1. Write out the trypsin sites (Lys or Arg not before Pro) in region B:31-115 meeting two conditions: DSSP loop, and at most 12 other Cβ atoms within 10 Å of their Cβ.
2. So for the protein assembly as shown, Kirkwood radius off the Cα pairs, Stokes-Einstein at 10 °C and 1.306 mPa s: how many µm² s⁻¹?
3. If the limit is 26 Å between Cα atoms, which of A:57/B:26; A:11/B:26; A:11/B:107 go over it?
4. If you average the C-alpha positions of region B:64-86 and of region A:1-46 separately, how far apart do those two centres end up, in angstrom?
5. Across the Cα atoms of chain B, what radius of gyration and what greatest pairwise Cα-Cα distance (Dmax) are found, in Å?
6. Apply the Karplus parameterisation 6.51 cos²θ - 1.76 cosθ + 1.60, with θ equal to phi minus 60°, to every residue of region A:54-62 and state each ³J(HN,Hα) to the nearest whole Hz, in sequence, with x for glycine and proline.
7. Tell me the GluC sites (Glu not before Pro) within region A:33-112 that lie in a loop according to DSSP and have at most 14 other beta-carbon atoms within 10 Å.
8. Taking H placed 1.01 Å from N in the peptide plane, check which residues at least 5 places from residue A:87 or on another chain put their amide H under 5 Å from its amide H.
Amino acid sequence: DTGVSQDPRHKITKRGQNVTFRCDPISEHNRLYWYRQTLGQGPEFLTYFQNEAQLEKSRLLSDRFSAERPKGSFSTLEIQRTEQGDSAMYLCASSAWGDTQYFGPGTRLTVL
Amino acid sequence: SQQGEEDPQALSIQEGENATMNCSYKTSINNLQWYRQNSGRGLVHLILIRSNEREKHSGRLRVTLDTSKKSSSLLITASRAADTASYFCATDAGNSGAGSYQLTFGKGTKLSVIP
């Protein structure tokens with residue numbers, strides 16, 4: 001049973017560019033979550049999917065952010081017109097219904 | 001917003017000693033989970049304790065939960081250098097039975113175990 005995988009692991013971009021991250025959850029996990037973590041802080045919830053439906057979005061998820069999970073399997077998180085404040089670790093997690101969320105290794109974004 | 005707050009923020013101990021970390025939270029919860037994070041990496045799930053449980057063990061880990069005080073503690077016994085990491089508590093305040101959809105994390109306790 002493979003764990004949650006994320007791609008890329010690191011991304012450096014210039015301010016104003018668009019970036020897209022991918023998350024592959026543990027197979028058969030119907031719930032998928034995105035979190036953001038800045039240095040010295042704990043992760044903060046961004047959004048979650050149950051199968052292909054996006055059921056909850058945090059106020060942290062501005063209109064420059066969009067997430068999809070088209071077939072209820074992998075998910076993408078896109079950030080448009082990146083800003084320096086978007087620099088963070090973006091973490092994906094999955095779970096079977098509720099309880100334990102299993103996290104991926106994260107994508108570290110640096111916006112120059 | 002951060003619901004869980006870990007205490008202390010940093011802890012340095014000698015290998016073989018026990019490490020205790022505390023977590024306080026503000027609202028009613030379904031369950032509380034502890035995670036470990038090595039520097040710059042993803043989170044590893046350690047243990048989940050439900051709101052109707054008071055204590056749980058897993059290997060060298062012991063977690064307690066006091067819902068009346070809205071607090072939890074994580075005890076790592078006989079620590080090893082490999083336990084050096086940040087430890088986070090995360091609360092799930094979702095509707096009972098519906099399972100978690102949003103974990104709220106604290107800022108973590110940075111544990112250093114000196115060989």
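Just so it is clear, none of the values below were taken in a lab; they were calculated from the coordinates. Predicted model, so just to flag it, every value in this text is computed and none were measured. Virtual Cβ from ideal backbone geometry, glycine too; neighbours counted across all protein chains shown.
1. Working: sites: B:36, B:41, B:50, B:54, B:56, B:60, B:62, B:69, B:70, B:80, B:107, B:110; in loops: B:41, B:54, B:60, B:69, B:70, B:80, B:107.
Those satisfying the criteria are B:54, B:69, B:80.
2. Values: Rh = 18.0 Å.
Translational diffusion coefficient: 88 µm²/s.
3. On the way: A:57/B:26 22 Å; A:11/B:26 36 Å; A:11/B:107 24 Å.
Too far apart for the 26 Å limit: A:11/B:26.
4. So the two Cα centres are separated by 27 Å.
5. Answer for chain B, Rg first and Dmax second: 13.6, 44 Å.
6. Result, ordered by residue: 7, 9, 8, 9, 6, 5, 5, 7, 5 Hz.
7. Numbers: sites: A:44, A:52, A:56, A:68, A:78, A:83; in loops: A:52, A:83.
Qualifying residues, ordered by number: A:52, A:83.
8. Correct list: A:111.
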